[in-house]
Structures are given as structure tokens and as C-alpha cells.
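Each remark here refers to the structure printed beneath this line.
The values are calculated or read from the model by the stated rules, or taken from the named source; none is laboratory data. Because the structure is a prediction, the values reported are computed rather than measured. Positions of Cβ are generated from backbone atoms using ideal geometry, with glycine treated the same way; all protein chains shown enter the neighbour counts.
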Amino acid sequence: MAQLDPITLEVLRHRLWMINDEQGKVATQISGSPVVYEAYDFNSSLITPQGDSLFVGVYTTRLSLSLHLATKHIIANMSDNPGFEDGDAFVTNDPWAGASHMNDFLMLAPVFWEGEIVAWSGIAMHEVDVGGPNPGSFTVGAKDVYGEGPVIPPIKLVERGRVRKDIEGMVIRNTRTPELNALDIRARLAAINRTRQRVHEIIRQYGKDTFLAAQAHIMELARRGFARRLLELPDGTWCDRGFIDHDGNENKLYEFRLAMTKAGDRLTFDYTGTSPQAPGMINCTRVGLEGGTMSAVLPMLCYDMPWCPGGVMNQIDIVSEEGAINNARHPAAVSMATVAAAFATGQLACTAIARMLDCTEKYHVEAQAGGALSQFYVVAGYKEDGQRFTGILLDQGPGGGARTYKDGMDVGGVPGSPCQGIGNVETYERLYPVLYLYRKLGRDTAGAGTYRGGAGTELMIIPHRTRQPLDMTMITHGASHPDARGLYGGMPSSVNVRLCLRGSNARQLLAAQLVPAGLEDVTCEKLESRYPKDRFDLQLEDALLMGSCGGGGYGDPLERSPDLVARDVTQGLVSREVALHVYGVVLDPVSGKADTEDTAHERHRLRQLRLLEAVRPAATSVRRGDPPGRPYLAGNAGRPIATCLKIVRRGDPFGKLRAGPAGRPYLACARCGHIYGEATEDPKMHAATRQIPITVFSPWNRFGMVEHMVGREAYCPKCALLIGVQVGRKADPPFSDMLLRL
């Protein structure tokens, strides 16, 4: 590797970073698809000549994190035939060759200098439609990939700078939106051509050897920086489990498992035990497995580093069983991969990383409770003038997870995609025959906690400027169970909700100049809760309500400031019911302010109720005569783990319980000093527990699988401080999610 002086390296690092960013901006300015220019469901990547990811953009990360895999596939399989020439560009939507799912078309192009490939440029965009049985190409009802949209392996679309019309015709022939797809091809090509131009400018100024050396140095800097960060974090294993509900054919639960182990400067994500691939649209290939994992790693561990996945991945191992739902074999159905198995994979990784960060004093402030998937839907049919249309409406936003020091961001967006957005209501009303009655922050969507999660959105639409019913396809998960996890005593979010109001009076209300602001303002003949993967007709007199969940909470809700709860109630983010029964806050019926004395009594009552209903720990790991539950020596502040636990050295005023010169490390309750057990064991295994209905978390959860899903609280057996909340099936035992190695 040629040496570069530090100033030149830093200049080139930032120039290449900005080149990739400019590539994305060019694409959004040319695309005619609101999926791209409104919701930013696309991303770009600059890639080394060998096919390693040098930089990725900050939009929908799961898209760009697969571009290097497609590049490696093209290098391995197409170098001799058809070969590479200056000005070439390849496209693919093959999930076994680098695409996340069929809607994500990738364009990859070699960048030449004097006959040698010096880089690759790549950009991925989500197309509104690529064909198949269902408008929007999310194929509810498909059993395998043969029942979904066409799969196109890597193919040379642009040859020496000219678009091949025969190949372009094959790419866009099957889509319901050929004009948009053709324009997106030009948008990708323009972006890549701009990248070629910028790379050539650098080489003219600095020379080819310096340009290639800069890439190698950037990769190594990213690897070393990430390795240093890992060395600052504790060794241990952090676990998480989650579910996807409904596979597009049957409303059943598929389980995801992760054991993330950090040892020295390496990080291993082990998904062993995850459910086998499903007979439906929710699977992802190895592409989605890696993309989902890295969409958690980059924003949570590399937030202050250049996003150079090729360097970071040198310190990461990803373990998975082939044939699992997030590592599916051909011919699995995968049309929902990015917002199903790939997303669920990243969600587990986010939670495990957050738990690890919260075990350190330095990075405690970077931990964040779980976020969730936003809901979206495909609408198709005919406009008033008879013109046929298909649209994907990415117009809902989930709340961000709570921080360790602050509430989560309301409508914080999809985790791992910092710049992804939601569409503009007026844009969608202009393009499609729908009318929004409202779109607002959803009440009781956020997970409760000392710091609550951010609120999600709630909206209601009706058909408008059409004479025919609308063909609706619903796409989400987390409808049967709360999906955004709380952290260290924080509670999970609400479920995602889709309600069809058959025969509503919405049009009559508008005719009377009354605009409904919620479900309670509209009457209907029948209220239908639709499946998370569903296709149905929305009749002219119907209305559709969709509620996206918020983020998970952080810390025990009974520790939240009563004034903050009162503010949330006033702002319509929390109901009085949740304020009283979850937060234990009694509000004055006139002023709306928290009653200090009554709130203290109510919180004491709720803590006593926890202890009364508790299942006590059956055993403890404390040995050598150390009685469980005995408080540690007064004045021993200990090292904090989150806000509910401390690592302490066990002792008492008489020195009888000390084990060795310094004493063994134990985990203690941060509120009362109760000893759970040794610091190398999961404290939840020695906590008091109780099982609660998921409707406790939010009134919206009555639309979930209330008969099958439960919440499990773990808290201090002495003072009832919550240290963890898990959501699972009634028949499943609680699982260990933290094992420190001190």
C-alpha cells in the first residue's frame, strides 16, 4: 500500500465521501417517482475495484449495503462474458445476486481510467412496480418467488455509454409504471456519470496511484477505528428475540433470534435458531441478512466515523443457518424482504447493540430503545378520467426509540435510515385519487418509560376523484404484537393498526363542513381490522385508518417526571388512561396538572401491586454464604449499568461477606441496593417477574393477538424497580438477554 501524507488522505477521504453524496442528490433531482424524491427510498455507494464498499449514503441503508455484493457477483461471473468496457452499466433486481428484493433495482458501473477499473459506482432505487400479480409487486398470496415479480439477474443495460433498447424493453415491459421506471434508469445513469466525472477530476489532479492508495487507506482507517471502538466496549453476549406476523398467506408468528457477542475487537452476530424460511413473501436472502445487520451497526457504532462498510465488516462475523427466514434459499418468496426479514434482522441487532452501549459509562448516552417499521400501502385502480394508476404511499412514520437521557423523536423514522422520509400529503393527493382527512401524531403509540419513545403517526383517507373502488395492499408487521422494544425497564410500543371503516359517514361530515380528527369522530356500519399483509377493495363510502407505532421507552415509567406526563396528555400524545395506569400519574380534572400527593400514593400502590403479583426468583447464584438480597456496603456507588443496575463490590460493615481482597463484582439494584447475583449473570434470572396483557402497554393493542401474546416484566424483588420488559408468546419462557464477561 503506497503511503499518503495525512493531509492528502483527509482531503481525498472527504472528496470521495461527498462524491457519493452528490451521486444520491443527482438521482433525486431526475427521478419522477415520489418513492425516491419524496420518501428517499433509495441509496448510493462508491465501491473499490475489488468490489468492497468504500462509502454508502445516508438514505435507506439496507439498499446500498447490498450494492457491493452485487458488484462482487458481477466481477466473479461476468468479467469474461460479456466483459467490462468504459461506459458500461449493469442492472439487476435478483435477491440472490445482490438486490434486497425485486422492487429494488440496482445499477452498477465500472469507472475506468486508461483502460483500468479504478472504482465502481452503484445506486439502488425502489421502484413503484416491477410487475407480478399484485400492483406494487408486494405479492400477498405468493408461496414462492415464481408467484412474484420478474427476477432479472445482472445484465448489461448500458454498453459503452449507450442504453440498449432491447434490454431496457425487457426491464420495463412487465411493470405497471413503465414511464417512472424508464425515468429512474436515466436518474441512475446520470448519477453514475456524475461520479465518473468526479473520479476523473481527482485522478487528473492527484494521479491514479494516489487515488487507489487513498481507497486502501480509507478502508484500513475504518477498520482500525471500528476495532478501537470495540475495544472500549465490554465483552459479553447480548440477546434479543422478535417476531414477524403473517407471511402473506397465514397469520402465524415467525421467530427471530440473535446472540451478539463482543470479544476484544471483534463482533459476532449469531442468528442461529431463527425460524425456517416461510411459504410467503416475508423472507430475505443472505443479502438482506447482511444489509439488515449493518444498517444497525453503522448508525449505532459508527455515528462519528465515515460510513465505510468494507472496512467495518472486516471486524464482524455474521452467523446464520442457510434456509432460515433471513437467509432463505431459492425459490423462497422475498417480495417483502426489506420491510420483513431484513428489517427484523436489523431490529434485533439494534436492540443488542443498545444494551451493550448502555453497559458503559462512556457510551451510555448513545444507547437508544428500539424503533419499528412504518406502515405503508399500495393503492391502484382508475382515476376519474379513466386513467389507470399504481402508487406506493410511504406516508407514515414510526416514532424513534427513547434515549437514555431524553424522549425519543416523534415520527423519528425507520431505524438505520437517517435520511429516509415520508411523503407529502398534497403530493399524494395530486397524484392519486385519495383524500386525507387527517395525518397526525398518534396517541398512545409510544412505549412508556422514564423517557418515552417517540410517537408514531395516525392517518385516515377516503377515495376521492374516482368512480371505482381502490385496490389496496397493506404492507407491515408488528400488527399482532408490540414490535418496538423498550430498554432496561422501558415498555414496548403499540401495535401497528389498519382499520377499514365500511360504510362510514366521512363524506357526510365533510359535506357538513366537519373534519374528523380521530376514530371517535366517524361512525361506520362495520369496523374491520385488516391483516398486516392484506389486499382488499376500499369502496367509495369506506374510510381507512392506519396507525403506526411509536418507539420503545427507556427506564421504569413510574420514574418519569409527572409534569412530563401531564404535558404529554395536554399535547394529545398520552391518554389519561395510560397516564394513570402505566405512569401512575393522577391529573387534576380541571387544570390538567399532576397532583403531587395523589401521584406519589398511586405510584406506591402500583409498586406494591407489582410485588404482590410477583413470581419470586426460584434461586440465586450468590455463593460462599452470600445471602441474596443483602445490600452492599453503604457508600459503594458502583459502576452504573443503564439507570436501573450497578456493578458493585460486595461487602458489609463487618467485612464478613467480602470474597477476596477486593470482593467479587455483583449486580445490584440502583434504587435500593438489592443484590441480584454475580455481575456475569443476567439479573432478570434472579428478579421478580409477572405476566401482563399487551393491552396494558396501549389501548391500540386490543387489535393485536391478545390471546397469544403477553408482556413479561422483571423488577427488583425489594423495591419493584423495573429492569426489563419482554414481549412473547404465552407458552414461551423468558430468555436471558445480557451476559457480561468481566
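Here are the numbers:
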{"quantity": "Pairs, first farther than 14 Å from Val339 by Cα in region 275-286, second basic (Lys, Arg) and in a loop (DSSP other than H, G, I, E, B), C-beta under 6 Å, six or more apart", "calculated": "Pro279/Lys143"}
{"quantity": "Filtered residue count, region 157-175, keeping only those that are crowded, with 19+ Cβ neighbours inside 10 Å and either not β-branched (Val, Ile, Thr) or not assigned by TED's automatic domain parsing to the domain that holds Gln29 (or both)", "calculated": "1"}
{"quantity": "Flag for Thr473 being β-branched (Val, Ile, Thr), in a strand (DSSP E or B) and touching a Lys or Arg at 6+ places or on another chain (Cβ under 7 Å)", "calculated": "yes"}
{"quantity": "Leading residue by the ranking (farthest from the chain's Cα centre (by Cα)) among those in region 634-646 that are surrounded by fewer than 17 Cβ atoms within 10 Å (Cβ to Cβ) and at pLDDT 55 or above", "calculated": "Ala637"}
{"quantity": "Any hit, region 184-206, residues being outside any helix (DSSP H, G or I) and not acidic (Asp, Glu)", "calculated": "no"}
{"quantity": "Single condition Ala670 does not satisfy, out of (1) within 32 Å of the chain's Cα centre (by Cα); (2) more than 27 Å from Ile244 (Cα to Cα); (3) at pLDDT 95 or above", "calculated": "(3)"}
{"quantity": "Condition broken by Met356, with the remaining ones in (1) farther than 19 Å from Glu148 by Cβ; (2) surrounded by fewer than 24 Cβ atoms within 10 Å (Cβ to Cβ); (3) touching a strand residue (DSSP E or B) at 6+ places or on another chain (Cβ under 9 Å) satisfied", "calculated": "(2)"}
{"quantity": "Out of Ile422, Ile462, sole residue that is part of a strand (DSSP E or B), touching a residue at least 24 places away in the same chain (Cβ under 8 Å) and out of contact with any Pro (no Cβ under 6 Å at 6 or more places or on another chain)", "calculated": "Ile462"}
{"quantity": "Boolean, Gly386 is touching a residue at least 40 places away in the same chain (Cβ under 8 Å) and more than 21 Å from Met281 (Cβ to Cβ)", "calculated": "no"}
{"quantity": "Enumeration of residues in region 401-448 that are within 30 Å of Ile723 (Cβ to Cβ), out of contact with any Ser or Thr (no Cβ under 6 Å at 6 or more places or on another chain) and of a type in the set (Asp, Glu)", "calculated": "Asp407, Asp410"}
{"quantity": "Residue match in region 506-513 (condition: assigned to a loop (DSSP other than H, G, I, E, B) and hydrophobic (A, V, I, L, M, F, W, C))", "calculated": "yes"}
{"quantity": "Every residue from region 327-338 that is surrounded by fewer than 24 Cβ atoms within 10 Å (Cβ to Cβ) and out of contact with any helix residue (DSSP H, G or I) (no Cβ under 6 Å at 6 or more places or on another chain)", "calculated": "Arg329, His330"}
{"quantity": "From the options Leu67, Leu63, Leu46, Leu54, residue that is more than 28 Å from Lys208 (Cα to Cα), buried (at least 24 other Cβ atoms within 10 Å of the Cβ) and out of contact with any Lys or Arg (no Cβ under 9 Å at 6 or more places or on another chain)", "calculated": "Leu63"}
{"quantity": "Residue within region 399-407 that is under 21 Å from Asn43 (Cβ atoms) and under 19 Å from the mean Cα position of the chain (by Cα) present", "calculated": "yes"}
{"quantity": "Cross-chain or 6+ apart pairs with Cβ under 6 Å, region 519-532 first and within 16 Å of Gly547 (Cα to Cα), then acidic (Asp, Glu) and not in a loop (DSSP other than H, G, I, E, B)", "calculated": "Pro532/Asp245"}
{"quantity": "Of all residues making up region 297-334, the number that are assigned to a loop (DSSP other than H, G, I, E, B) and of a type in the set (A, V, I, L, M)", "calculated": "5"}
{"quantity": "Flag for Gln205 being over 28 Å from the mean Cα position of the chain (by Cα) and free of Cβ contacts under 8 Å to residues at least 12 places away in the same chain", "calculated": "yes"}
{"quantity": "Test: residue in region 235-255 that is more than 20 Å from Ala367 (Cβ to Cβ), free of Cβ contacts under 8 Å to residues at least 24 places away in the same chain and out of contact with any helix residue (DSSP H, G or I) (no Cβ under 7 Å at 6 or more places or on another chain)", "calculated": "yes"}
{"quantity": "Pick from region 533-588, criterion without any contact (Cβ under 8 Å) to a residue 24 or more places away in the chain and farther than 21 Å from Gly408 by Cβ, ranking: surrounded by the most Cβ atoms within 10 Å (Cβ to Cβ)", "calculated": "Val586"}
{"quantity": "Selected residue (criterion: nearest to Ala511 (Cα to Cα)) from residues of region 425-459 that are assigned to a loop (DSSP other than H, G, I, E, B) and more than 25 Å from the chain's Cα centre (by Cα)", "calculated": "Pro433"}
